[in-house]
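Student: The structure under discussion is supplied below as structure tokens; questions concerning it will follow.
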Amino acid sequence: MPSRALTMGIIFVSQTGVGFLGNILLLLCYGFLSCTGRGITHMDLILHNLIVANCLVLLSKGIPQTMAAFGLKYLMDDFGCKLVFYVHRVARGVSLSATSLLSGFQAITISLSSPEWMELKVKALKSIRLSILLCWTLHLLANSIVPMYITAMRERSNLTEKKDLGFCSGLIIDRSISLLYSMMFSFTDVLYLVLMIWASGCMLFILYRHKQKVLHIHSKNLSPKCSPETRATHSILILVSTFFCFYALSSFFTFYMFLFDKPSWWLVNSTALMGSSFPCVSAFVLISRGPRVSRLWYTCGTKISDLYKWVRA
């Protein structure tokens with residue numbers, strides 16, 4: 001096996017394993033918080049769907065890419081390839097939708113503090129379940145055409161009319177049709193990104209205005225603590241910034257790859273690696289920045305430390 005293939009396989013295994021483990025641990029933390037009676041907030045519902053979507057992205061892309069890197073690129077049949085690409089596209093779209101919804105609803109939560117806006121705030125929070133359902137439905141329907149252009153890799157097949165996608169192959173279609181599909185898929189992505197940027201800008205403006213008020217009220221000798229909403233807003237802003245950076249890189253590599261009918265091995269693998277970076281990193285951003293999750297980990301660590309000291313005593 002070439003050294004480059006071995007290196008890429010190890011990278012995909014590490015990224016998929018670490019990212020999936022982080023997302024599962026985060027999901028278990030929220031499940032434990034729910035079972036212990038601490039309750040699940042409206043924002044937690046969006047986070048649950050984001051975590052599930054990230055897990056699906058890692059599994060549907062990381063495992064097949066690892067197989068292909070280790071030379072097992074001919075194991076999947078047509079149905080397997082179509083299913084994997086469809087799941088990946090849907091999960092990627094839901095991950096984008098959930099991140100933008102998270103930033104949008106958080107902006108509404110911290111901005112509508114006056115009594116006359118409270119009714120709108122309550123209605124917005126009540127619509128979270130419906131918004132999540134619509135996101136899944138939209139991406140399930142919009143990506144239903146993807147399996148039509150995906151086929152399995154075959155050792156003796158003629159690849160003159162097919163594009164090598166690593167572990168599967170895609171049909172080479174007319175440039176005008178390809179451009180039409182790209183515009184259709186990009187429209188919803190751009191819409192969610194605009195919502196994300198708008199919400200992030202609103203949150204930054206609100207936090208800046210709040211900071212000015214705090215500095216005006218409190219003396220220089222006092223150091224008031226941040227409110228839970230402020231800490232949650234900081235976490236979401238970091239999450240959105242991380243997503244935007246990785247999404248921009250992933251979109252650039254994807255667009256560049258589709259310019260070629262026969263993309264290079266490095267380009268295919270780099271595109272897959274960038275596409276799975278946010279699902280891997282986001283779990284650890286949420287674990288480190290989420291106040292309730294951090295307290296849970298601190299409590300568990302304290303209990304384990306006390307138990308270890310008791311056993312050694």
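The values are calculated or read from the model by the stated rules, or taken from the named source; none is laboratory data. Note that the structure is predicted; figures quoted are calculated from it, not measured. Cβ placement follows ideal geometry from the backbone for every residue including glycine, while neighbour counts extend to all protein chains displayed. Heavy atoms of the whole protein, side chains included, go into the accessibility calculation; ligands, DNA and RNA do not. Shrake-Rupley method; radii C 1.70, N 1.55, O 1.52, S 1.80 Å.
Student: Which one of the conditions (1) in contact with a helix residue (DSSP H, G or I) (Cβ under 8 Å, 6 or more places away or on another chain); (2) closer than 19 Å to Val146 by Cα does Asp78 fail to meet, given that it meets all the rest?
Tutor: Here Asp78 clears every test but (1).
Student: A further question follows. Please state which one of Ser97, Ser157, Ser131, Ser127 is at pLDDT 80 or above, farther than 23 Å from Phe278 by Cα and surrounded by 12 or more Cβ atoms within 10 Å (Cβ to Cβ).
Tutor: Ser127 is the lone residue from the list that is at pLDDT 80 or above, farther than 23 Å from Phe278 by Cα and surrounded by 12 or more Cβ atoms within 10 Å (Cβ to Cβ).
Student: Here is a further query. Say whether the condition of being part of a helix (DSSP H, G or I) and more than 30 Å from Tyr208 (Cβ to Cβ) is met by at least one residue in region 93-109.
Tutor: yes
Student: Which condition number does Tyr86 fail, the rest of (1) open to solvent by 50 Å² or more (accessible area, probe 1.4 Å); (2) modelled with pLDDT under 90 being met?
Tutor: Of the numbered conditions (1) open to solvent by 50 Å² or more (accessible area, probe 1.4 Å); (2) modelled with pLDDT under 90, the odd one out for Tyr86 is (2).
Student: So, one more: Can you confirm whether region 80-87 contains a residue that is more than 22 Å from Ser241 (Cβ to Cβ) and outside any helix (DSSP H, G or I)?
Tutor: Scanning region 80-87, I find no residue that is more than 22 Å from Ser241 (Cβ to Cβ) and outside any helix (DSSP H, G or I), so the answer is no.
Student: Step by step: first the residues of region 1-23, then only those that are of a type in the set (S, T, N, Q) and under 17 Å from Pro64 (Cβ atoms), then the one that is most open to solvent (accessible area, probe 1.4 Å). Which residue is that?
Tutor: Selected residue: Ser14.
Student: Here's something else I'd like to know. Check Leu56, Leu47, Leu33 and return the single one that is crowded, with 22+ Cβ neighbours inside 10 Å and either modelled with pLDDT under 80 or within 22 Å of Trp136 (Cβ to Cβ) (or both).
Tutor: The unique qualifying residue is Leu47.
Student: Looking at (1) at pLDDT 65 or above; (2) surrounded by fewer than 20 Cβ atoms within 10 Å (Cβ to Cβ), which is the one condition that is false for Asn269?
Tutor: The single condition Asn269 does not satisfy is (2).
Student: A further question on this structure: Where the second residue is hydroxyl-bearing (Ser, Thr, Tyr) and part of a helix (DSSP H, G or I) and the first is touching a residue at least 24 places away in the same chain (Cβ under 8 Å) and lies in region 1-22, which pairs have Cβ atoms under 6 Å and are six or more apart or on separate chains?
Tutor: Gly9/Thr66; Phe12/Thr66; Val13/Thr66
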